[in-house]
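Student: Let me begin by handing over the structure; questions about it come next.
Each value in this text was obtained by applying a stated rule to the coordinates, not by laboratory testing. If you're wondering where the values come from, they're calculated on a predicted model, not measured in any experiment. Positions of Cβ are generated from backbone atoms using ideal geometry, with glycine treated the same way; all protein chains shown enter the neighbour counts.
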Amino acid sequence: MNFDPGPPAEVAYRSTDDGRWTLRFVRDLRHPPARVWRTLTEPDLLAKWAPFTADRDLGTLGPATLTMIDGETAVPLAAEVTSVDAPRILQYTWGEDLLRWELAATAGGTRLTLWHTLADRDFVAKVAAGWHQCVRVMELLLDGTPHPPVRGADALNYGWSELEAAYRRALST
């Protein structure tokens, strides 16, 4: 199946006070925040684009399990939804990482900003490339032209290496 990853997202990163790194990944989507919110929180929609599945709706505070998928391998990771302000802010832990999704209404739809905090600076461009592919699949789902999720090692078949190199260059400036 043909997969056009689309243009690179706006990205930046910064160090945190606790010695970790936060990627800022920004993408404009042609859909209203309420529709984008559903794809971020509802387990059946998350399963169609995210690198993980969720054991519950993420639109409420509290513990959850996010299961990372890589081919036939499924790795459950503890998560905790720590902030919800539908349809604007969703924040949760995913293993040792922290993800904060911010949705802002625009004239053309939604500006989606993901803040992903992780331990290893060397993984920032890799994480950007992975989220690029996932958010592109989300966008196709919202457009009504769904593509199967791009996860794990399979991402290499959909231009991940080129995206990682492009994000490494963008983040080095």
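Student: Once you order the gyration tensor axes a ≥ b ≥ c over the Cα atoms, which shape class does segment 114-173 get: rounded for a/c under 1.5, otherwise prolate or oblate by comparing a/b with b/c?
Tutor: Prolate.
Student: If each DSSP helix of 4+ residues adds -39,500 (n - 2.57) and the sum is divided by the residues in the chain, what number results at 222 nm, nearest 500 deg cm²/dmol?
Tutor: -8000 deg cm²/dmol
Student: By the scheme Lys and Arg +1, Asp and Glu -1, what is the net charge of all other residues having a beta-carbon under 15 Å from that of ALA34?
Tutor: For residues surrounding ALA34, the net value is +1.
Student: Would you work out which of GLY95, GLY130, LEU66 lies farthest towards the positive end of the dipole of segment 46-134? Charges go on Cβ: Lys and Arg +1, Asp and Glu -1.
Tutor: Of the options given, the answer is GLY130.
Student: Using a simple charge model, +1 on the beta-carbon of Lys and Arg, -1 on the beta-carbon of Asp and Glu, nothing else, what dipole does segment 73-173 show about its Cα centre, in debye to the nearest 20? Could you put the intermediate results ahead of the total?
Tutor: On the way: 9 positive and 12 negative charges, 47 e Å.
Result for segment 73-173 is approximately 220 debye, rounded to the nearest 20.
Student: So how do MET68, MET138 line up by other beta-carbon neighbours within 10 Å, fewest first?
Tutor: By the 10 Å Cβ count, ascending, the order reads MET68, MET138.
Student: How large is ³J(HN,Hα) for each residue in segment 10-27, as worked out from phi by the Karplus curve 6.51 cos²θ - 1.76 cosθ + 1.60 (θ = phi - 60°), to whole Hz, x for Gly and Pro?
Tutor: With the stated coefficients, segment 10-27 comes to 6, 9, 7, 8, 8, 7, 10, 5, 9, x, 9, 10, 10, 7, 10, 10, 10, 9 Hz.
Student: Sum up the charges of everything whose Cβ sits under 14 Å from the Cβ of TYR167, counting Lys and Arg as +1 and Asp and Glu as -1, but leave TYR167 out.
Tutor: Details: positive: ARG24, ARG27, ARG121, LYS126, ARG136, ARG168, ARG169; negative: GLU10, ASP122, GLU162, GLU164.
Residues near TYR167 contribute +3 overall.
Student: Let me ask something else. Counting other Cβ atoms within 10 Å of each Cβ, which GluC sites (Glu not before Pro) in segment 70-121 have at most 14 and sit in a DSSP loop?
Tutor: In loop regions of segment 70-121 (DSSP not H, G, I, E or B), the sparsely surrounded GluC sites (Glu not before Pro) are GLU72, GLU96.
Student: Still on this structure: Mind telling me which of THR73, THR113, THR41 comes out most flexible in a GNM of the chain, alpha-carbon contacts under 10 Å?
Tutor: THR73
Student: Which order do the peptides 83-93, 12-22, 47-57 come out in when sorted by mean C-beta neighbours inside 10 angstrom, highest first?
Tutor: Going by the mean number of other Cβ atoms within 10 Å, highest first, we get 47-57, 83-93, 12-22.
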